[in-house]
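Trainee: This is the structure I want to talk about, given as structure tokens.
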Amino acid sequence: MSTRVRGMGGHQSARMMKDEWLTPPEIIKGLGEFDLDPCVPINRPWDTAKNHYTIEDNGLKKKWFGKVWMNPPYGEETAA
Ligand SMILES: C[S@@+](CC[C@H](N)C(=O)[O-])C[C@H]1O[C@@H](n2cnc3c(N)ncnc32)[C@H](O)[C@@H]1O
């Protein structure tokens, strides 16, 4: 099963549970530099911060620090 990648600009229903809903790089650039993004794709197409945690790291169990960019996962829990 493939995972689709989308930018936040497009509307996406919470029912579309497998999508990676990514922050467009121009938004990050406009907001300035972030120290940490605790939830990024394993193969991220662009950086959103200086440091990143993937699902393999489990960002919920890692130490968060500095200025954090948080665009969380949109999974089954979102639709609940
Ligand atoms: C909506 S995407 C946002 C990606 C990125 N933060 C951005 O702003 O472009 C949510 C990401 O969280 C990742 N993710 C899900 N559970 C996670 C976990 N426990 N720890 C770290 N990342 C996780 C997913 O693989 C997905 O890439």
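Trainee: What are the residues whose amide H is under 5 Å from the amide H of Val40, where those residues sit 5 or more places off or on another chain and H is modelled from the backbone?
Mentor: Residues meeting the amide H criterion: Tyr53, Thr54, Ile55.
Trainee: Something else about it: Under 16 Å from the 7 Å Cα→Cβ point of Lys62, by amide nitrogen: which residues of the stretch 32-54?
Mentor: 34-54
Every number here is computed from the coordinates shown, using simple stated rules; none is lab data. Just so it is clear, the structure is predicted and the values come from calculations on it, not from any experiment. Neighbour counts run over all protein chains shown; Cβ positions are idealised from the backbone, glycine included.
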